[in-house]
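Here's the structure we're looking at; comments come further down.
The values are calculated or read from the model by the stated rules, or taken from the named source; none is laboratory data. A quick note: this is a predicted structure, and the numbers were derived from the prediction, not measured. Glycine gets a Cβ as well: all are built from the backbone with ideal geometry, and neighbour counts include every protein chain shown. Remember, those area values only see protein heavy atoms, side chains included, never the ligands or the DNA or RNA. Shrake-Rupley method; radii C 1.70, N 1.55, O 1.52, S 1.80 Å.
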Amino acid sequence: MHDSGLSISSHLPAFQIAVPLLSAVICVLIRKARAAWLLATTVAWAAFAGACVLLNRVILHGTISYEQGGWTPPWGIELRIDLFNALVLIIVTGICAVVISASLTSLSMEVPEKKHNLFYAAFLLCMTGLAGMTITGDVFNIFVFLEISSLSSYALISQGATRRALTSSIQYLVMGTIGGTLLLLGIGMLYMVTGTLNIVDMADQLAMVGPNRTVLVALACVTVGTSIKLAVFPLHIWLPNAYTYAPAIVTAFLAATATKVAFYVLARFIFSIFGVELAFEQLHLDRVLMPLAIVAMFAGSIVAIYQTDIKRMLAYSSVAQIGYMLLGLSMASVTGLTGGIVHLFNHALMKSGLFLVMACVLYRVGSTHIDAMRGLGKRMPFTMAAFVIAGLSMIGVPLTVGFVSKWYLVSAAMESGQWPVAVLILLSSLLAVVYIWRVVEVAYFQEAPEDAPEVKKAPIGLLVPVWTLVFAIIFFGIFTSLSAGVAGDAARMLLGAGS
Amino acid sequence: MFDPGLLNYWIIMILMMTGLYTVIAKGNLIKKIIGLGIFQVSVIMFFVSMGKVRGGTAPIAGEGFEVFSNPVPHVLMLTAIVVAVATLAFALALVVRIKEEYDTIEEDEIRELEAGEEG
């Protein structure tokens with residue numbers, strides 16, 4: 001593999017972490033809002049390009065193992081990229097790149113310009129942490145990167161325009177720290193049993209040791225810890241406030257990446273380290289996770305229906321959508337896990353699209369309250385059209401990505417004979433129709449109040465990122481080979497390694 | 001049930017639950033952060049005592065050094081301590097900002113103020 005002519009490109013995995021990390025420092029130093037934005041955007045798009053190259057390489061040549069500093073694993077720290085995390089890396093860096101491109105226009109509304117360079121520094125740090133968690137092959141590294149991304153996301157959330165951003169941020173900080181510390185405790189117990197921190201080595205050692213109480217407690221700690229970060233119902237309490245009061249850009253970014261990477265970490269621990277047998281046959285994790293997932297699907301959607309702030313409505317809808325991902329995971333079959341992974345990918349596209357639409361509305365109208373949306377269908381046609389398409393995808397209408405993931409989840413439920421679950425998935429989709437329709441009705445079928453100020457179309461700097469995501473929603477809804485195909489191979493790999 | 005050799009783990013568990021209880025039960029944000037700190041420190045102590053071998057020395061290759069404590073968990077905790085300090089610093093900074101904005105750091109009073117804003 002190691003070719004001298006390719007020496008730089010063979011270090012590509014390390015660049016995914018090192019470049020955003022160093023650029024964050026430069027962002028602090030340059031002090032100019034526009035220059036910091038330019039740097040952050042360039043870095044994010046470069047990371048996205050790198051992630052695409054990496055996925056292509058994984059598809060062609062198989063799993064990439066990169067030895068940090070030349071130390072061989074399991075002693076040295078390894079970056080390990082397989083189909084699963086290559087896909088997650090693409091979505092993380094891709095969403096980062098799209099969202100940060102939109103931030104130049106949107107951010108000036110909410111954050112004073114002299115703080116912009118620090119904002120971009122925190123943004124890049126968060127991206128570093130998320131990318132690091134995704135590609136590392138070392139469990140302690142997962143904890144460190146988790147805390148890097150968490151601390152910077154608390155800082156990003158606290159930048160919201162109202163004072164409630166501060167209380168939302170500290171609420172998330174307290175819960176997030178408990179989650180992170182529980183994960184660390186679980187990692188400690190795993191280290192006690194196996195004497196290694198390398199994921200592959202740890203899985204081998206655990207298979208030799210077999211299940212004992214320490215391992216089970218470790219599994220419990222890791223599951224609860226990551227579930228807090230993933231906002232699994234009922235550990236989701238931090239999420240609605242954090243998403244509502246954070247700056248619109250931050251919400252679009254975190255909703256599509258932070259919970260997704262937490263899902264990745266949970267799946268990685270369950271399938272690659274503990275193995276299906278231990279998690280689902282010894283501890284019966286599915287009996288805990290599946291009911292929680294189904295309750296989340298309904299509770300999240302029902303609460304969403306009653307929200308008057310659309311940003312908050314979308315936040316509760318996220319709780320419901322996390323339920324779908326968790327449902328796929330808890331089925332522990334190839335189709336189910338494929339559905340979970342592909343929904344991770346798809347939900348990231350549609351939710352960041354919807355939150356970016358909210359950024360447009362906030363930019364032009366100054367509020368995301370449902371009353372502010374009256375007549376917006378005529379006044380901001382391109383923005384609201386994007387909302388409709390992403391909303392249809394949220395419901396799961398064919399030709400959008402939402403349909404693809406629901407299809408996999410429903411067929412997984414049918415496959416394993418759990419037809420009530422399939423019915424519940426369809427029923428909860430109907431709830432999504434209700435909360436999306438509310439907005440559509442207000443925007444298209446109600447006239448704007450007569451005293452409403454003139455509203456211009458959304459600025460091009462926001463519309464282009466929004467429509468990039470909308471285009472992706474339709475593209476991956478029709479051509480599923482990249483998202484669902486890779487997710488399917490990843491699911492087969494995870495389940496194959498686990499049993 | 002009670003094994004004196006496991007005393008350190010008992011202490012760690014008591015500390016951990018004290019911390020968690022403080023975070024949940026106390027409404028004062030500073031007390032919450034203190035609880036969070038205790039919680040984190042208990043896990044740090046868990047790692048440190050895990051690596052300790054009775055009668056073991058620092059891992060030095062040489063004559064007279066035969067039983068070593070495991071340095072890896074100890075080194076890991078250097079990073080975890082940094083994380084804990086960063087979290088504490090950031091949390092305190094947030095509390096200062098909350099005090100400026102709300103003029104209180106009691107959670108129930110903050111909630112009342114926020115409820116007033118909405119209604």
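Structure values in brief
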{"read-out": "Counted residues, the range A:300-337 - those being within 15 Å of A:ILE237 (Cα to Cα) and open to solvent by 30 Å² or more (accessible area, probe 1.4 Å)", "value": "3"}
{"read-out": "Residue selected from the range B:80-119 under the condition among the basic types (Lys, Arg) and at the interface with chain A (Cβ under 9 Å from one of its Cβ atoms), by the criterion nearest to the chain's Cα centre (by Cα)", "value": "B:ARG97"}
{"read-out": "Residue check, A:LEU89 in a helix (DSSP H, G or I) and open to solvent by less than 10 Å² (accessible area, probe 1.4 Å)", "value": "yes"}
{"read-out": "Filter result (under 21 Å from B:LEU92 (Cβ atoms) and open to solvent by less than 10 Å² (accessible area, probe 1.4 Å)) within the range B:34-51", "value": "B:GLY35, B:LEU36, B:PHE39, B:SER42, B:VAL43"}
{"read-out": "Residue in the range B:94-111 that is surrounded by fewer than 17 Cβ atoms within 10 Å (Cβ to Cβ), more than 20 Å from A:LEU173 (Cβ to Cβ) and modelled with pLDDT under 95 present", "value": "yes"}
{"read-out": "Any chance A:ILE17 is surrounded by 14 or more Cβ atoms within 10 Å (Cβ to Cβ) and either among the hydroxyl-bearing types (Ser, Thr, Tyr) or at pLDDT below 90 (or both)", "value": "no"}
{"read-out": "Failed criterion for B:LEU6 (all others in (1) more than 30 Å from A:ALA155 (Cβ to Cβ); (2) outside any helix (DSSP H, G or I) hold)", "value": "(2)"}
{"read-out": "Every residue from the range A:458-473 that is in contact with a helix residue (DSSP H, G or I) (Cβ under 7 Å, 6 or more places away or on another chain) and of a type in the set (Val, Ile, Thr)", "value": "A:VAL466, A:THR468, A:VAL470, A:ILE473"}
{"read-out": "Matching residues in the range A:17-47 - criterion: being in contact (Cβ under 8 Å) with a residue 40 or more places away in the chain, under 17 Å from A:ILE249 (Cβ atoms) and of a type in the set (A, V, I, L, M, F, W, C)", "value": "A:ALA24, A:CYS27, A:ALA33, A:ALA36, A:TRP37, A:LEU39, A:ALA40, A:VAL43, A:ALA44, A:TRP45"}
{"read-out": "A:LEU469, sole failed condition from (1) touching a Leu at 6+ places or on another chain (Cβ under 8 Å); (2) modelled with pLDDT under 90; (3) not aromatic (Phe, Trp, Tyr)", "value": "(2)"}
{"read-out": "Test result for A:THR194, of a type in the set (S, T, N, Q) and within 17 Å of the chain's Cα centre (by Cα)", "value": "no"}
{"read-out": "Per-region count, the range A:340-375, residues part of a helix (DSSP H, G or I) and polar (S, T, N, Q)", "value": "2"}
{"read-out": "Residue among A:SER227, A:SER272 that is within 26 Å of A:ILE81 (Cβ to Cβ), open to solvent by 20 Å² or more (accessible area, probe 1.4 Å) and not basic (Lys, Arg)", "value": "A:SER272"}
{"read-out": "Failed condition for B:GLY62, given (1) within 14 Å of A:GLY188 (Cβ to Cβ); (2) outside any helix (DSSP H, G or I)", "value": "(1)"}
{"read-out": "Pick from the range B:6-29, criterion open to solvent by 50 Å² or more (accessible area, probe 1.4 Å), within 11 Å of chain A (Cβ to nearest Cβ) and aliphatic (A, V, I, L, M), ranking: farthest from B:GLU107 (Cα to Cα)", "value": "B:MET13"}
{"read-out": "Output for the range A:139-163, where each listed residue is facing another protein chain (nearest Cβ under 8 Å) and in a helix (DSSP H, G or I)", "value": "A:PHE140, A:PHE143, A:VAL144, A:GLU147, A:LEU151, A:TYR154, A:ALA155"}
{"read-out": "Condition check for A:GLY129: within 12 Å of chain B (Cβ to nearest Cβ), open to solvent by less than 20 Å² (accessible area, probe 1.4 Å) and not hydrophobic (A, V, I, L, M, F, W, C)", "value": "yes"}
{"read-out": "Meets criteria (closer than 24 Å to B:HIS74 by Cα and of a type outside the set (A, V, I, L, M)) for A:GLY176", "value": "yes"}
{"read-out": "Test: residue in the range A:60-82 that is closer than 28 Å to A:ALA472 by Cβ, outside any helix (DSSP H, G or I), without any contact (Cβ under 8 Å) to a residue 24 or more places away in the chain and open to solvent by 10 Å² or more (accessible area, probe 1.4 Å)", "value": "yes"}
{"read-out": "The range B:95-119: number of residues that are in a helix (DSSP H, G or I), in contact (Cβ under 8 Å) with a residue 24 or more places away in the chain and among the aliphatic types (A, V, I, L, M)", "value": "2"}
{"read-out": "Residue count, the range B:60-79 (criterion: surrounded by fewer than 16 Cβ atoms within 10 Å (Cβ to Cβ) and more than 9 Å from chain A (Cβ to nearest Cβ))", "value": "12"}
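To keep it simple, each residue is scored yes or no on (1) of a type in the set (Lys, Arg); (2) crowded, with 22+ Cβ neighbours inside 10 Å; (3) touching a residue at least 60 places away in the same chain (Cβ under 8 Å).
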{"residue": "A:LYS114", "(1), (2), (3)": "yes, no, yes"}
{"residue": "A:MET133", "(1), (2), (3)": "no, yes, yes"}
{"residue": "A:GLY160", "(1), (2), (3)": "no, yes, yes"}
{"residue": "A:SER169", "(1), (2), (3)": "no, yes, yes"}
{"residue": "A:ILE178", "(1), (2), (3)": "no, yes, no"}
{"residue": "A:LEU182", "(1), (2), (3)": "no, yes, no"}
{"residue": "A:THR196", "(1), (2), (3)": "no, no, yes"}
{"residue": "A:GLY210", "(1), (2), (3)": "no, no, no"}
{"residue": "A:LEU216", "(1), (2), (3)": "no, no, yes"}
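Results for (1) open to solvent by 20 Å² or more (accessible area, probe 1.4 Å); (2) within 30 Å of A:SER106 (Cα to Cα), shown as yes or no for each residue.
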residue	(1), (2)
A:LEU424	yes, no
A:GLN446	yes, yes
A:LYS456	yes, yes
A:VAL470	no, yes
A:PHE476	yes, yes
A:PHE479	yes, no
A:ASP489	yes, no
A:LEU494	no, no
